[in-house]
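Nothing in this text is a laboratory measurement; each read-out follows from the coordinates by a stated rule. As the structure is a computational prediction, the values presented were derived from the model and not from experiment. Heads up, the Cβs are rebuilt from the backbone with ideal geometry, glycines too, and the neighbour counts pull from every protein chain shown.
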2 protein chains.
Amino acid sequence: MFPDVSAFHRWFAQRLDAEAYRVATVPLHRLEGWSTEPDSGDLVHRSGRFYSVRGLSVTQSGRQVENWQQPIIVQPEHGILGILVKEFHGIPHCLLQAKMEPGNVNLVQLSPTVQATKSNYTRVHGGRAVPYLEHFIAPRRGQVLFDALQSEQASWFLAKRNRNMIIRTDEDIPVLDGFCWLTFQQIGDLLRVDDLVNMDTRTVLSGAVALRPPAGPASDDGFAAALAASWQPSGRPLHSTTELLSWFTEIKAGATLTRRLMPLSEVAGWSAGDGVIAHDEGRHFTVLGVSVEAPGREVAGWSQPMFAPRSQGVIAFLARRVAGVLHLLVQARTETGALDRIEMGPTVQCQPADYAASQPGRPELLDQVLTARPDQIRFDVVLSEEGGRFHHARSRYTLVEVDESAPLRVPRNFAWVTVRQLTDFVRFGSHLNVEARSLLALIGFLPDDQVPAPPSGRLVASGG
Amino acid sequence: MFPDVSAFHRWFAQRLDAEAYRVATVPLHRLEGWSTEPDSGDLVHRSGRFYSVRGLSVTQSGRQVENWQQPIIVQPEHGILGILVKEFHGIPHCLLQAKMEPGNVNLVQLSPTVQATKSNYTRVHGGRAVPYLEHFIAPRRGQVLFDALQSEQASWFLAKRNRNMIIRTDEDIPVLDGFCWLTFQQIGDLLRVDDLVNMDTRTVLSGAVALRPPAGPASDDGFAAALAASWQPSGRPLHSTTELLSWFTEIKAGATLTRRLMPLSEVAGWSAGDGVIAHDEGRHFTVLGVSVEAPGREVAGWSQPMFAPRSQGVIAFLARRVAGVLHLLVQARTETGALDRIEMGPTVQCQPADYAASQPGRPELLDQVLTARPDQIRFDVVLSEEGGRFHHARSRYTLVEVDESAPLRVPRNFAWVTVRQLTDFVRFGSHLNVEARSLLALIGFLPDDQVPAPPSGRLVASGG
């Protein structure tokens with residue numbers, strides 16, 4: 001446990017020094033353990049397990065671009081992302097770990113207690129046992145606070161979901177090397193640091209937002225009060241949950257997106273060369289190979305293909321107050337790889353470099369985010385996507401509050417939603433996409449920089 | 001509107017006489033407008049629309065029988081099942097219709113206000129416009145009370161879902177020929193009549209259970225009070241919703257079921273002959289063809305393939321009181337054709353004739369239902385499945401209350417759940433299967449035979 005955040009940073013710096021990792025780019029055709037299928041060009045592991053990179057043909061997307069083809073990661077198994085929570089002196093703490101992932105720009109970030117693919121925990125690697133796994137697989141002893149199957153980056157994964165779990169325990173928990181206990185308040189501070197709290201931790205934390213009233217930065221403009229009202233079950237939403245579920249059903253019922261796996265070598269608009277597969281116009285992402293030497297990992301070294309975005313993303317909610325209650329502008333979004341094709345996403349989610357100004361397909365409202373005044377920006381941090389599959393994939397996560405002249409009538413695929421309503425949707429899984437869940441965790445754990453913490457810091461009851 | 005249920009029955013008898021329908025069995029290879037694809041043997045419509053009958057290969061089902069092949073109905077579009085509600089003198093009424101469906105044993109049953117496939121309402125038939133459809137498609141004027149995408153019979157349909165909607169209106173609504181207004185109390189009475197309220201009406205009504213306190217038969221054993229406590233948001237459940245969602249996630253995360261479409265002519269264990277496709281051991285169902293002459297329908301005559309079960313089904317919840325609150329024993333069930341493979345179903349759902357006593361695969365707890373004492377049976381009615389696709393598909397729907405010596409610890413794929421918890425799951429769609437939704441409607445609208453109705457009979461607020 002750390003008395004303050006600077007003590008954490010000292011510990012974390014030691015962790016960085018403790019082990020020598022080396023990640024090098026390797027041509028795809030020279031990846032140890034991986035091969036290119038002769039007929040399809042698909043990238044597959046020799047074990048037939050882990051994941052593969054295949055081609056996807058998308059038609060009738062309902063987006064500005066109706067039809068396209070692209071490489072996609074296929075990983076048809078559910079992993080576990082789990083955070084163990086324990087109270088010390090009445091204050092709940094989360095057990096997180098400093099973990100290396102080859103795609104991280106800084107290699108090591110803060111991961112959940114357990115971050116394991118099924119291959120991991122059934123030891124297809126032949127690696128070491130996953131520590132603390134026994135708290136997350138049945139029969140287990142702790143109290144479940146959250147447990148839902150959630151989608152991951154649907155632009156890059158086909159039907160990938162992970163089980164997101166938060167388990168509370170009263171047992172004595174040995175703290176293994178590389179692990180640490182952090183309070184929610186400390187995590188709130190660390191979420192403001194670029195590239196520190198990884199995507200897996202953020203998505204699990206979105207399940208904890210319902211359990212703890214948000215603080216919000218102390219300011220005299222009423223933002224903290226509007227945020228608190230947005231979290232309260234009694235806070236009056238613009239639309240009832242019945243209306244929002246109907247809005248979501250309407251968009252889902254109209255979805256026409258059709259997906260078909262196809263040979264990777266035949267994907268139009270993409271070409272293999274120089275040991276990578278790249279988009280012909282330099283947009284979106286590149287498929288590349290890396291080799292890893294990592295003495296602290298389950299396996300001391302390995303190679304793998306990864307997706308490397310060509311540019312930084314922007315992931316933003318617009319927020320506005322409605323009768324004193326903060327509302328977020330949620331988008332019912334066609335999600336290429338998501339099981340049910342439509343999920344709720346942020347107001348804006350894109351790589352702006354892919355959409356030159358005034359180009360067709362440039363997302364609505366992107367410019368409102370990019371031109372926001374400093375006083376409108378409630379947070380603004382660059383965070384990494386999953387470093388186990390994505391190489392230096394970074395996005396700017398931001399919350400932009402617009403004033404009450406912003407229209408409440410919005411295009412049919414958008415809706416103004418309270419924080420409480422989002423936490424209700426998160427519980428049921430497959431409603432919020434991973435980008436929206438990251439933003440929700442950032443909103444729910446905004447640091448309370450000036451006001452002292454409530455004396456107990458306890459979690460509230462989990463809503464039934 | 002009807003002063004009492006007998007007035008309804010007189011009206012309904014006139015409807016039966018009003019139009020002359022004729023349904024005849026026709027060999028599959030002589031179905032007008034349908035053909036057998038030469039390579040696959042699949043049954044398809046010449047328009048390429050509506051639905052098709054194909055082969056399905058199932059592996060790693062996680063059921064007693066791990067792998068099998070079967071014919072399946074493929075209909076990759078969402079229809080609308082909608083009920084229009086309006087208050088007259090403060091009492092909500094539902095607009096239902098007496099509608100012919102060729103698979104109904106009695107041809108005509110009570111359907112929702114709108115029961116339309118996408119082909120219907122976009123008029124692929126070239127038929128008449130669907131009446132009242134304007135109340136269900138955007139932009140619409142009424143108030144939405146319920147709106148969710150729900151699965152249908154997953155043993156016979158691949159990934160079939162319909163949009164279930166309840167819309168309240170204050171407008172003047174002309175009552176077209178064949179339509180009628182019924183109160184929820186009258187519908188409760190009619191749900192007790194064999195083969196009268198059709199499946200589409202029942203699944204939509206499951207979305208209304210949250211809106212109106214159940215009555216339950218007046219009896220001196222406290223059943224009505226236990227049912228009312230089970231419906232109340234304040235009624236204390238055995239498991240919190242967080243625990244139930246975790247239980248459901250656990251079963252989903254462990255699902256291994258794999259499905260692959262295959263040529264219908266190659267499906268093992270099934271054979272074509274005598275103009276039908278039948279199971280070699282006489283189990284499950286038969287694929288047969290029918291021709292219909294129906295002057296009152298959108299199209300005056302047509303032909304189509306249907307699935308005809310070989311025997312009657314049993315669809316039952318076991319119920320028991322826990323501290324005075326009625327709980328239902330729900331099963332997290334592998335659903336062959338369901339989008340996400342696992343849904344919550346009744347305690348027992350099968351065709352008992354397919355499972356001789358002591359045969360492996362005979363469902364757990366079936367015998368508890370079949371041998372229940374009369375005083376344990378809270379309702380018992382034979383109802384039809386969707387008469388547009390299924391021919392004389394009938395099941396016994398029953399609620400069996402077991403005493404408090406029945407174990408609260410149950411096999412891992414079962415859980416005791418309150419009515420309120422089920423109504424919460426129903427709102428989010430794809431949680432309860434269609435059989436469980438029918439039972440929920442029956443439970444929620446149990447007639448209150450002796451106690452007078454509450455003066456207003458109004459719907460309560462829809463839960464946010």
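When only alpha carbons are used to place a centre, the range A:423-444 and the range B:153-190 end up 33 Å from one another.
Net charge within 12 Å of B:VAL325 by Cβ-Cβ distance, Lys/Arg positive one each and Asp/Glu negative one each, not counting B:VAL325 itself?
Cβ neighbours under 12 Å give a net charge of +3.
Relative contact order for chain B: what percent, with Cα pairs under 8 Å and sequence separation of 6 or more? So the answer I get is 23 percent. Counting Cβ atoms of other protein chains within 10 Å of each Cβ in A:423-433 and taking the mean gives 3. By other beta-carbon atoms within 10 Å, ranking A:SER52, A:SER47 with the fewest at the front produces A:SER47, A:SER52. Remark on A:ASP195: its backbone amide H falls under 5 Å from those of A:VAL382, A:LEU383, A:SER384, a criterion applied only to residues 5 or more positions apart or on other chains, H modelled at 1.01 Å from N. So for chain B: antiparallel DSSP bridges make up what percent, rounded to the nearest 5? Within chain B, antiparallel bridges account for around 80 percent of the total.
3J(HN,Hα) along the range B:238-245, derived from phi through the Karplus expression 6.51 cos²θ - 1.76 cosθ + 1.60 where θ = phi - 60°, amounts to 4, 10, 5, 4, 4, 5, 5, 5 Hz, with x in place of Gly and Pro. The string of couplings for the range A:60-67 from the Karplus curve (6.51, -1.76, 1.60, θ = phi - 60°) is 6, 5, x, 8, 4, 9, 6, 10 Hz, one whole number per residue in order, with x for Gly and Pro. Couplings 3J(HN,Hα) for the range A:47-56, derived from phi with the Karplus relation 6.51 cos²θ - 1.76 cosθ + 1.60 (θ = phi - 60°), are 6, x, 10, 6, 8, 9, 10, 10, x, 10 Hz, where x marks Gly and Pro. In the range B:3-128, Cα pairs under 8 Å separated by at least six residues give a relative contact order of 16 percent. Most simply put, the protein assembly as shown has about 80% antiparallel DSSP beta bridges, counting only bridges with both residues inside it.
Note on A:170-179: average number of Cβ atoms from other chains within 10 Å of each residue's Cβ is 0. Legend: mean number of C-beta atoms from other chains within 10 angstrom of residue C-beta atoms, peptide A:138-150, equals 4. The range B:12-65 and the range B:251-303 have Cα centres lying 6 Å from one another.
By Cβ position, the chain B residue that hugs the axis carrying B onto A most closely, with its distance in whole Å, is B:PHE428, 2. Size descriptors for chain B, from the alpha-carbon set: Rg then Dmax equal 21.6, 64 Å. So what's the back-of-envelope 222 nm ellipticity for chain B, counting only DSSP H runs of four-plus at -39500 (n - 2.57) apiece and dividing by all residues, rounded to 500? Calculated from helices alone, the mean residue ellipticity at 222 nm is -5000 deg cm²/dmol.
Taking every DSSP bridge with both residues inside the range A:298-443, close to 70 percent are antiparallel. Dipole check for the protein assembly as shown: with +1 at the C-beta of Lys and Arg, -1 at the C-beta of Asp and Glu, and the Cα centre as origin, the magnitude is about 160 Debye. Considering only alpha-carbon pairs that sit under 8 angstrom and 6 or more positions apart, the relative contact order computed for the range B:133-266 is 14 percent. For the range A:333-365, GluC sites (Glu not before Pro) are listed when DSSP marks them as loop and at most 15 other Cβ atoms sit within 10 Å of their Cβ; the list is A:GLU364.
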